[in-house]
Amino acid sequence: MVVRRPPARSRQAQILAVAADRFHRSGYHQVSMTDVAAGVGITAPALYRHFRGKPELLDRAVRLGLDELAAGLRAADSTAAVGAVLAAVAVGHRPLGTLVQRDARLLPPARRAALRRELRADTALMVGVLRAERPELAGPDAGLLCWSALSACAGLSYQSAAPQPRRAERLLGELVAAVLAVSLDGTRADSEPAAATAGVAPQPRREELLAAAVRLFHRRGFDNVSTDQLGAAVGISGPSVYRHFESKQQLLAASLVRSRERLWHQVEGAIAAAAGPSAALEAGLAAYVGFARRNGDYLGAMLSETERLAAPDRRAAVDFRRDFLRTWVELLRLVRPECDAVEARIRVHALFALVNDGVRNRPYSDRPDLGDCLRRIGRAVLGVAG
């Protein structure tokens with residue numbers, strides 16, 4: 001019997017699908033070429049005949065989804081068509097949101113720049129369609145709404161279990177329509193600073209290190225930050241970091257614990273103090289947006305660096321995420337009893353993704369009214385009245 005090898009393109013597509021799934025589930029640094037090869041059922045040397053290494057695998061896996069997105073958007077002639085494209089790509093390439101928002105920052109600089117250009121081009125296509133239907137929208141407002149729609153669909157990546165595809169596509173299409181219909185007329189500038197003010201009062205060195213760690217780990221990646229860089233960020237030598245933490249991994253764990261404590265205290269406190277579910281959901285939304293505006297690096301590090309933790313710390317981080325999500329899902333279902341758990345999870349993940357992305361994505365993150373904008377868009381994604 002003659003055993004036929006699959007065509008090279010079919011094999012490459014299979015490899016990219018496995019690589020995207022492994023990167024998505026475990027994090028880029030936790031996956032080796034041998035892991036990917038084993039998932040495909042080939043040897044590592046055979047894998048290297050198709051791809052030169054992990055950076056190329058990540059780049060090609062991201063590009064595969066973005067190419068489909070761009071092709072769909074070029075053909076879209078209405079906001080309904082835009083929603084259908086975003087939803088189809090989010091469901092058909094479920095790891096894409098995680099790879100773009102979490103792992104793409106680890107690509108070589110030239111590829112990161114190219115990725116940003118591709119995403120800006122995709123957003124420009126969406127803006128053209130949106131402004132044809134809503135000519136009263138200013139360009140920056142249309143851009144923010146379109147980017148928020150992209151981010152909301154990317155939230156599907158962060159669900160631990162994939163929902164039924166047709167239902168997920170339908171609901172994401174509805175979420176995109178709701179986001180693109182949001183009015184940003186009369187938005188008001190935030191009454192508090194977007195980021196925590198530095199230098200207001202001296203902080204203990206340990207606290208300075210925790211703040212520097214989340215900033216550097218989020219922006220550069222855990223493996224790309226040295227103890228010398230951590231020390232320099234707070235005015236001490238690299239070896240002096242070990243007077244406060246036994247290892248870089250312990251510093252990461254402590255910084256993420258501090259992030260969770262602050263997030264839980266501020267958001268859960270706002271929810272608990274409100275009178276009734278609707279008021280609690282509104283208070284929680286305002287608190288979450290406010291926290292994100294002040295602590296974008298904390299949220300980014302929580303999403304991007306959890307996989308670098310030791311197993312016990314990683315379990316604690318995952319348990320926190322699960323409990324935090326459950327709080328929001330249960331609250332949303334109290335406000336909207338017709339919304340089942342599957343729909344509520346999709347909506348809440350979409351909310352988190354658009355807020356987390358929105359506070360870090362320039363030029364939109366520089367808007368003085370960003371907090372008000374995100375609260376309005378957040379209400380649309382949750383399906384609650386403003």
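Mind checking which residues of region 114-136 are open to solvent by less than 30 Å² (accessible area, probe 1.4 Å) and without any contact (Cβ under 8 Å) to a residue 12 or more places away in the chain?
Ala114
Does region 50-65 contain any residue that is part of a loop (DSSP other than H, G, I, E, B), of a type outside the set (Ser, Thr, Tyr) and open to solvent by less than 30 Å² (accessible area, probe 1.4 Å)?
Yes, region 50-65 contains at least one residue that is part of a loop (DSSP other than H, G, I, E, B), of a type outside the set (Ser, Thr, Tyr) and open to solvent by less than 30 Å² (accessible area, probe 1.4 Å).
Take the residues in region 150-194 that are open to solvent by less than 60 Å² (accessible area, probe 1.4 Å) and not in a helix (DSSP H, G or I); name whichever of them is modelled with the lowest pLDDT.
Ala194
What residue, of Gln14, Gln30, is open to solvent by 50 Å² or more (accessible area, probe 1.4 Å) and in contact with an Asp or Glu (Cβ under 6 Å, 6 or more places away or on another chain)?
Gln30
If we scan region 329-341, do we find a residue that is among the acidic types (Asp, Glu), touching a helix residue (DSSP H, G or I) at 6+ places or on another chain (Cβ under 9 Å), surrounded by fewer than 21 Cβ atoms within 10 Å (Cβ to Cβ) and more than 26 Å from Ala90 (Cβ to Cβ)?
No, region 329-341 contains no residue that is among the acidic types (Asp, Glu), touching a helix residue (DSSP H, G or I) at 6+ places or on another chain (Cβ under 9 Å), surrounded by fewer than 21 Cβ atoms within 10 Å (Cβ to Cβ) and more than 26 Å from Ala90 (Cβ to Cβ).
Going by the structure shown, is Val91 crowded, with 22+ Cβ neighbours inside 10 Å and in a helix (DSSP H, G or I)?
Answer is no for this residue.
Looking at Leu96, Leu86, Leu115, Leu66, which is the one that is in contact with an Asp or Glu (Cβ under 7 Å, 6 or more places away or on another chain) and under 24 Å from Ser304 (Cβ atoms)?
That would be Leu66, the only listed residue that is in contact with an Asp or Glu (Cβ under 7 Å, 6 or more places away or on another chain) and under 24 Å from Ser304 (Cβ atoms).
Could you tell me which of the residues Asp122, Asp141, Asp103 is out of contact with any Ser or Thr (no Cβ under 7 Å at 6 or more places or on another chain), acidic (Asp, Glu) and at pLDDT below 90?
Asp103
Would region 307-329 turn up any residue that is among the aromatic types (Phe, Trp, Tyr) and within 14 Å of the chain's Cα centre (by Cα)?
no
Any idea which residue in region 33-49 is farthest from the chain's Cα centre (by Cα), counting only those that are among the hydrophobic types (A, V, I, L, M, F, W, C) and surrounded by 16 or more Cβ atoms within 10 Å (Cβ to Cβ)?
If we take residues in region 33-49 being among the hydrophobic types (A, V, I, L, M, F, W, C) and surrounded by 16 or more Cβ atoms within 10 Å (Cβ to Cβ), then Ile42 is farthest from the chain's Cα centre (by Cα).
From the list Leu263, Leu285, Leu351, pick out the single residue that is more than 15 Å from the chain's Cα centre (by Cα), crowded, with 19+ Cβ neighbours inside 10 Å and farther than 30 Å from Ser247 by Cβ.
The conditions single out Leu285.
Suppose we filter region 70-88 for residues that are open to solvent by 10 Å² or more (accessible area, probe 1.4 Å) and either outside any helix (DSSP H, G or I) or hydrophobic (A, V, I, L, M, F, W, C) (or both); how many remain?
Residues that pass the stated criteria total 11.
The values are calculated or read from the model by the stated rules, or taken from the named source; none is laboratory data. Everything numeric here is computed off the predicted structure, so don't read it as measured data. FYI the Cβ positions are ideal-geometry reconstructions off the backbone, even for glycines, and counts take in every protein chain you see. The accessibility values were calculated without ligands, DNA or RNA, using every heavy atom of the protein model including side chains. Shrake-Rupley method; radii C 1.70, N 1.55, O 1.52, S 1.80 Å.
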